[in-house]
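What follows is a single structure, written as structure tokens, with notes after it.
The values are calculated or read from the model by the stated rules, or taken from the named source; none is laboratory data. Quick caveat: nothing in here was measured; it's all calculated off a predicted structure. Every residue, glycine as well, gets a Cβ built from its backbone with ideal geometry; the counts of neighbours run over all protein chains shown. These accessible areas exclude ligands, DNA and RNA; they are computed on the full protein's heavy atoms, side chains included. Shrake-Rupley method; radii C 1.70, N 1.55, O 1.52, S 1.80 Å.
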Amino acid sequence: MAHDDHDPLNHPEVRVASGRAYAAAFLIAMALMTVSLYVARHPAVAPHPMLVLSGVAAFVVAVQLLLLLKLDFSSTQIWTSVTFALAFPLFVIAVGLSLWMFHSLDARTMLMGLMR
Amino acid sequence: MVNVQGPWSPLIGRLSLGAIPDNPIIAGAFLFSAVLGVVILGYLTFGHKWGYLWREWLTTVDHKKIGVMYILIGLVMLFRGFIDAVMMRTQQVLADGPHSPGFLGAAHGYLLPYHFDQIYSAHGTIMILFAATPILVGLMNIIVPLQIGARDMAFPYLNALGLWLTAVGAALIMLSLFLGDFSHAGWVGLTPLTEMAYSPGVGVDYWIWAIQIASVGTTLGAANLIATIIKMRAPGMTWSRLPIFTWTSLSTNIIALTSFPVLGVALGLLGADRYFGTHFFTAGLGGNLMLYADLFWIWGHPEVYFVILPAFGMMSEIIPTFAEKPLFGYATMVAASFAIAGVSWSVWLHHFFTMGAGPSVNTFFSIATMIVGIPTGVKVFNWAFTVYHGRSRFETPMLWAVGALFMLLLGGLTGMMLAMPPINYSVHNSVFVVAHFHTMLMVVIYGIMGAVAYWFPKVFGFKLDEPLGKRFFWFFTAGTIMVFIPMYTSGFMGMTRRLDYIANPALLPFEIAEEIGIGLYVVSVYYFVRQLFVSVRDRASHRVGADAWGSARTLEWLTPSPVPFYNYAVTPRVHARDELVWRREQGLEAATAAHYEDILMPKNTPVPLVIGAFAMTLGFGLVWRIWWLTDASFLGIILTVIARSFVRDTDYVVRAGEVRKIEQGLRGNTPGTGGDGTQGGVGVWRPQESGS
Ligand code: HEM
Ligand SMILES: [Cu+2]
């Protein structure tokens, strides 16, 4: 075909795929999972196990965003990164305000009693 | 899997002859649809129109035709929802007080509670999700690419897919009328009424899957429109020159993209309760029914702004055109649209102030809700200042736009009242709330009607009949006033919503007034249909040139009317915010391209329609729990998508010479010439698939 010049494999979004990054993401995620499992099983090894676990979780998220989803500031990925950045406050609003509301509800209604 | 009540067989799931309702009203509706269906099929067959339908509409990826089909689906559903409204009003006026008569087996009125509940649930679901939303998506589909100087949407194939998924949702709701029943739990899906224990039938399942499938379509459409606006603007169309309607489309689709997934999750969890026997929203066993209300309104409130922002955009296009002045306060208009979109994310709790959260929670959401009034007020003043010292002409689009302003005032002020928890505690769940949101949705309907009248000549090349359009407007407005002012009043008097029987005889006068109002609406619908008929019949004398109103301002009015399938023969260069005004001042508005170039256009494809057909059988199988059908349909969708990804030959070229021929034919389209779908002897609706 004369005008069939857009092979999907040539799309820049597809070109950013990289087996090495995927493997690295997988290995790092596995390692961090092992660490968190160990901390969960032996909470005494860390001073504040919850904090350590949350930190590790945040680290895993960052690794996956960077290595698997390739959220960076290159021209092909910038809009995806911006979208993620914009979704973050929405997530905080939706989940945070909901938690606040249910916390308040819990103190005032018998709703949570029903749950048991 | 949950065990269902009643018979079930692997072959046909829950289907049985008992699923066909034996109700005279439904039988009548069935007869009406069947006759209509036979007439249409007969016309297609004997008029040899199947090929035309297939080539020009069913397989099209043209954003204008897709938009037209979205609007047609929306109008059909608007009509269905309207019939529901007539039935509800008639029931309430008949069933008022202990001595009111009963017909057709009902103790009062003519509808059994079981049936009445389905009608209001269907009415709300249809009007918001299958009438307003598709019509708005359709209008954005048609207008946005034209306004930014693009050939089509960023993803034409995805666009068609969104259309067919929406159609499937609408079709499932219509099917529920004749096979099984529909949800009786309100358009919001009141928990735990939607749970298996309280709604063992298929009604709630129809409701879940119709919305779920259609909202996938809406989400895809939102992504598409955002990508189009960001990536497909013509050279010179900078952000500060973007027409306001495109700006509001952008903000509204950001809302859609971020909020519809929440609805998907809420309905998905509800589906898990109903199909797998989980307990997300049940009363007891770890379930939390309020979690559903929370999730639903996290989507629900942004959704109401999803429908109103495009209407604001339409008003912002219509008012300057007919005031013959630039829009006042462009930058504040853009900022206000995004402020509204942003704030709409943090107000959802005002839908359940009475749930029992503490005063600080309610105060927070009350203040957040009232803050929406600030950007909305900015918009109202901007429109007012646009008209101020203008030369206003009150043609039908302008009538609708100005009418929308009044509706906005009334709806916004009653919204502010509802936003105060002390007031809300006394009128929550009353018909006052119903009147509030109908006034607000009237802003949307007025905007839509104005936009349809305003852009109709752009798409079809002739104007809608003015005198009949004015009659339509005035009867519609009279109906709105007669229905909703008494509704506000009876809400204050304590009438709760969703009543199939009204115990208080003192409310009868208001019910009678509302019945008269709905009668006025019926008259207005007659004038609307008549207007369409007369306009199409007399289209030769209603022909218009590129600028149908003589005072239009934005880029889309540069293209010939009707717009050829490739939109712009040569991608325009944009010089000013009101590009057409700029060109008019430079004496360039009639300038044509010196030479033409080949145009690359997307090819038609039946794939979206095929995927839609599989989605339909998937939804049907899920509702009736026919597992082999769901599995087969799901597999069908996956295989079709995979097969399509191997198709490389998705475009074709329109040669420069051909473009020139079409353009020359079209530019000769002055009022009074031409007849059927051709302009100057050239079929504008026909993609010329040559030269590939
Ligand atoms: C000035 C802006 C607005 C304010 C302050 C406002 C406020 C409110 C409040 C407080 C309620 C809850 C009432 C209750 O249930 O007790 C409500 C309900 C509602 N509003 Fe608005 N609103 C506004 C704009 C809109 C718009 C633009 C729309 C749609 C186009 C809309 C549609 C609705 C709907 C559909 C409901 C109730 C749905 C239901 O319960 O079934 N509102 N509004
Ligand atoms: Cu709301």
- Give the interface area between chains B and A as buried accessible surface, both sides summed, probe 1.4 Å, in Å² to the nearest 100. 2400 Å²
- Qualifying trypsin sites (Lys or Arg not before Pro) in the range B:360-439, DSSP loop, other Cβ atoms within 10 Å at most 11: B:391
- Is it possible to state the helix-based mean residue ellipticity at 222 nm for chain B, with each DSSP H run of 4+ residues giving -39500 (n - 2.57), the sum divided by total residues, to the nearest 500 deg cm²/dmol? What is it? -21000 deg cm²/dmol
- the protein assembly as shown - accessible surface per residue (Å², probe 1.4 Å): 43 Å²
- Query: Dipole of chain B, Cα-centred, from +1 at each Lys and Arg C-beta and -1 at each Asp and Glu C-beta, to the nearest 20 debye?
  - Reply: 1420 debye
- Task: Find, to one decimal place in angstroms, the Kirkwood hydrodynamic radius of the range B:543-606, where the mean of 1/r is taken over every pair of different Cα atoms and then inverted.
- Result: 13.1 Å
- Message: Could you work out the relative contact order of chain B? I mean the mean sequence separation of Cα pairs under 8 Å and 6+ apart, divided by the number of residues, in percent.
- Response: 16 percent
- Message: Can you list the residues in the range B:349-379 whose accessible area drops by at least 50 Å² when all protein chains are present, compared with the chain alone? Use a 1.4 Å probe, heavy atoms only.
- Response: B:361
- Message: Residue by residue through the range B:467-480, what is 3J(HN,Hα) from phi via Karplus (6.51 cos²θ - 1.76 cosθ + 1.60, θ = phi - 60°)? Round to whole Hz and write x for glycine and proline.
- Response: x, 5, x, 5, 4, 3, 4, 5, 5, 4, 5, 4, x, 4
- Message: For the range B:303-355 and the range A:20-57, what is the centre-to-centre distance using only Cα atoms, to the nearest Å?
- Response: 46 Å
- Task: Looking at the protein assembly as shown, send over the antiparallel percent of its DSSP beta bridges, to the nearest 5.
- Result: 85 percent
- Note on the structure: Treating only Lys and Arg (+1) and Asp and Glu (-1) as charged, each at its beta carbon, one finds that the range A:2-115 has a dipole about its Cα centre, in Debye to the nearest 20, of 540 debye
- Computed [θ] at 222 nm, helices only, for chain A once each DSSP H run of length n ≥ 4 contributes -39500 (n - 2.57): -22000 deg cm²/dmol
- Message: Between the range B:100-139 and the range B:444-481, what is the separation of their alpha carbon centroids in Å?
- Response: 25 Å
- When the dipole is taken about the Cα centre of the protein assembly as shown, and only Lys, Arg (+1) and Asp, Glu (-1) are charged at their Cβ, what size is it in debye, to the nearest 20? 920 debye
- Any chance you could give the angle, 0 to 90 degrees and rounded to 10, that helix B:244-276 forms with the longest Cα principal axis of chain B? 30 degrees
- Of the candidates B:155, A:62, B:392, the farthest towards the positive dipole end of the protein assembly as shown (Lys/Arg Cβ +1, Asp/Glu Cβ -1, centred on the Cα centre) is B:392
- Can you tell which of B:624, B:412, B:473 lies farthest toward the positive end of the dipole of chain B, using +1 and -1 charges on the Cβ of basic and acidic side chains (Lys, Arg; Asp, Glu)? B:473
- Query: Along the range B:367-382, what does the Karplus equation 6.51 cos²θ - 1.76 cosθ + 1.60 (θ = phi - 60°) give for ³J(HN,Hα), rounded to whole Hz, x for Gly and Pro?
  - Reply: 5, 4, 5, 5, 4, 4, x, 5, x, 5, x, 4, 4, 4, 5, 4
- Item | Cα-based reach from residue B:65 at 15 Å (exclusive), listing aspartates and glutamates while leaving out same-chain residues under 8 positions away | B:56, B:152
- Fraction of alpha-carbon pairs over 21 Å apart in the range A:17-115 - percent: 58 percent
- Item | Percentage of interatomic Cα-Cα distances in chain B larger than 34 Å | 47 percent
- Task: Go through B:183, B:523, B:570 and say which Cα lies farthest out towards the positive end of the charge dipole of the protein assembly as shown; charges sit on Cβ, +1 for Lys and Arg, -1 for Asp and Glu.
- Result: B:570
- Query: Which cross-chain or sequence-distant (5 or more) residues have an amide H under 5 Å from the amide H of residue B:191, H modelled 1.01 Å from N in plane?
  - Reply: none
- Rounded to a whole number, what % of the accessible area of the protein assembly as shown do carbon and sulfur atoms account for, probe 1.4 Å? 72 percent
- Query: Normalized C-alpha radius of gyration of the protein assembly as shown, against 2.2 N^0.38 Å?
  - Reply: 0.98
- Query: Residue by residue through the range B:398-414, which ³J(HN,Hα) values in whole Hz follow from phi under the Karplus form 6.51 cos²θ - 1.76 cosθ + 1.60 (θ = phi - 60°), with glycine and proline marked x?
  - Reply: 5, 4, 4, 5, 5, x, 4, 4, 5, 4, 4, 4, 5, x, x, 5, 5
- Task: Any chance you could check the Cα centroid distance between the range B:244-294 and the range B:527-602 for me, in angstrom?
- Result: 41 Å
- Note on the structure: Of B:99, B:301, A:48, B:436, ordered by accessible area with the largest first and a 1.4 Å probe, the sequence is B:99, A:48, B:436, B:301
- residue A:79: accessible area at probe 1.4 Å, nearest 10 Å²? 110 Å²
- Query: Which of the residues in the range B:260-307 lose at least 50 Å² of accessible area when you go from the chain alone to all protein chains together (probe 1.4 Å)?
  - Reply: B:288
- Query: By a straight-distance test (C-alpha under 24 Å), which lysines pair with residue B:64 as possible cross-link partners, with residues fewer than eight away in the same chain excluded?
  - Reply: B:49, B:231, B:458, B:463, B:603, B:661
